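For reference, the structure discussed in these notes is given below.
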């Protein structure tokens, strides 16, 4: 354990932790989006999926995943904060003029997009997982069970225009965060040869756009009346 602690104390160790935890969080977001795509197959299909996740069979696995993802999120934030403070302390006096050569807007806003996405995550859980916050006024439960009525809650929630607007803005910000994150994570994990930069950037773009398009489609489809007529 001593060598592991010493490795984490290094800049490379923190970047490696950010890379591994970032990939885990991205895979969860991708899987979460894929599960929610079942809303296009109808209420029965997505509610059966929700009921399975709350069943005695899946619940232990679900909680195990939540614990792993929670730990990954904490480590990701901790490493990000420590790297940022380390970067600031190494440059106590600001440059008179800053010129960005390699860093695009995604890279320059990572430190701000992270906390905003964190706040959105808390709201999203309270809204559609626990039902604690309900702008629509109700949180539906499936008949004869303890699982939430995922279809009814998604439709009711996204019919509130400002909820959809907040969700869309947060997802776009998440996509920007993932774009730079994936680019950096691939580099940290060893895919960093200059001749592969084009492919690395293209893959980061495709994966980020995939998440944004998939997640943004839910509120747009509901607001347009294509889902939940």
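What follows draws every value from the coordinates through simple rules; no lab data is involved. It should be emphasised that the depicted structure is a prediction, and the values quoted were computed from it without experimental measurement. Note: ideal-geometry Cβ built from the backbone for every residue, glycine included; neighbour counts use all protein chains shown.
The table below lists the values:
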quantity: Rg and Dmax [Cα atoms of the range 2-223; Å; Rg one decimal, Dmax integer]; calculated: 19.7, 66
quantity: Sorted by Cβ neighbour density within 10 Å, fewest at the top, the residues 201, 9; calculated: 9, 201
quantity: Span from the the range 197-220 Cα centroid across to the the range 138-163 one, whole angstrom; calculated: 27 Å
quantity: Neighbour-count order for 183, 161, fewest beta carbons within 10 angstrom listed first; calculated: 161, 183
quantity: Highest to lowest packing among 142-148, 173-179, scored as the average C-beta count within 10 Å; calculated: 173-179, 142-148
quantity: More than 15 angstrom apart: percent of Cα pairs within the range 115-199; calculated: 67 percent
quantity: Helix-only CD estimate at 222 nm, as mean residue ellipticity for the chain, using -39500 (n - 2.57) per DSSP H run (n ≥ 4); calculated: -24000 deg cm²/dmol
quantity: Residue 4 paired with residue 209, simple spin-label distance in nm, labels 7 Å along Cα-to-beta-carbon; calculated: 4.0 nm
quantity: Cβ crowding within 10 Å averaged over residues, with 42-52, 150-160 ranked highest first; calculated: 150-160, 42-52
quantity: Ranked 141, 39, criterion: other C-beta atoms within 10 Å, fewest first; calculated: 141, 39
quantity: The range 18-97: mean projected area of Cα convex hull, nm²; calculated: 8.0 nm²
